Amino acid sequence: MGRLDDLSKYVSRVLRHRPEDAGIRLDEHGWANVEELLAGMNAAGREIDRATLEKIVRTDKKQRYSFGEDGTMIRANQGHSIPVDVELEEQEPPEYLYHGTALRFLESIRQQGLLPMGRLYVHLSGDVETAHAVGRRHGRPAVLKVHSGDMYRDGQPFFRSRNGVWLAKKVDVGYFEQMEELDNS
Ligand code: HQG
């Protein structure tokens, strides 16, 4: 992994899960002060300057981070485990969304439904390929087709992060089915 990827992973961990690693705090909307983040990372041995951070934000393939309007603050767009309100936009979902997971989680998911586990929301994708890639992060992947339209009509709110990830508080049993296994797994 390249140096930028490495630093990006660290930024992601600090802004979503462990701000204390860089000795900083997030405000209630998940914002970190950029100067404090840079100073904290350098103090933690992760050498980084403003230009490098800007490059990470600009080039990140999943567009995980946003700067505030005046550039003094930064936050992750989604994926948090710590309770911050990143002012997600509530949106009517398409009829179906997809969730990538690992085969070994399916039994538990069939019993409990999809739960946010370590994060604030269940993450859903608009297409099967993305969901498949998300599932692969955990082992042999499985993709669930989620009946988001039915959920929405039944009163479940859906949110969309600035970087296009669909989020829901949970997906109850009865609103998803497993898709055929893809062969390129
Ligand atoms: C599973 C990445 C057992 C769930 C991705 C998932 C995504 C259950 C795992 C974002 C369960 C949690 C989030 C239940 C759910 N029993 N297991 N009842 N309910 N699970 O990493 O969705 O690269 O917290 O299926 O692209 O994999 O980090 O969530 O397998 O958008 O930006 O519990 O993270 O983005 O795993 O990934 P995670 P996720 P980044």
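The values are calculated or read from the model by the stated rules, or taken from the named source; none is laboratory data. Model, not experiment: these values are computed from the prediction. Methodologically, a virtual Cβ is constructed for each residue, glycine included, from the backbone with ideal geometry; neighbour enumeration extends over all protein chains shown. What goes into the accessible areas is simple: the full protein's heavy atoms, side chains included, and nothing from ligands, DNA or RNA. Shrake-Rupley method; radii C 1.70, N 1.55, O 1.52, S 1.80 Å.
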Handout entry: All positions within segment 98-124 that are surrounded by 19 or more Cβ atoms within 10 Å (Cβ to Cβ), more than 7 Å from the ligand (Cβ to nearest atom) and under 15 Å from Ala142 (Cβ atoms)
Key = Tyr98, Leu124
Exercise for the section: Could you give me the residue pairs with C-beta distances under 8 Å whose first residue belongs to segment 98-109 and is more than 20 Å from Leu167 (Cβ to Cβ) and basic (Lys, Arg), whose second residue is open to solvent by less than 50 Å² (accessible area, probe 1.4 Å) and more than 8 Å from the ligand (Cβ to nearest atom) wherever it lies, and which are 6+ apart or on separate chains? Expected result: Arg104/Gly139
Fill in the blank from the handout: With criteria (1) surrounded by 14 or more Cβ atoms within 10 Å (Cβ to Cβ); (2) over 15 Å from Val84 (Cβ atoms), Arg16 comes up short on (2)
Problem - The lone exception for Leu26 - which of (1) within 16 Å of the ligand (Cβ to nearest atom); (2) under 30 Å from Gln156 (Cα atoms) it fails - result: (1)
Fill in the blank from the handout: Of the residues in segment 1-56, those that are touching a helix residue (DSSP H, G or I) at 6+ places or on another chain (Cβ under 8 Å) and of a type in the set (S, T, N, Q) come to Ser8, Thr52
Fill in the blank from the handout: Of the conditions (1) open to solvent by 40 Å² or more (accessible area, probe 1.4 Å); (2) at pLDDT 95 or above, the single one that Gly135 does not satisfy is (1)
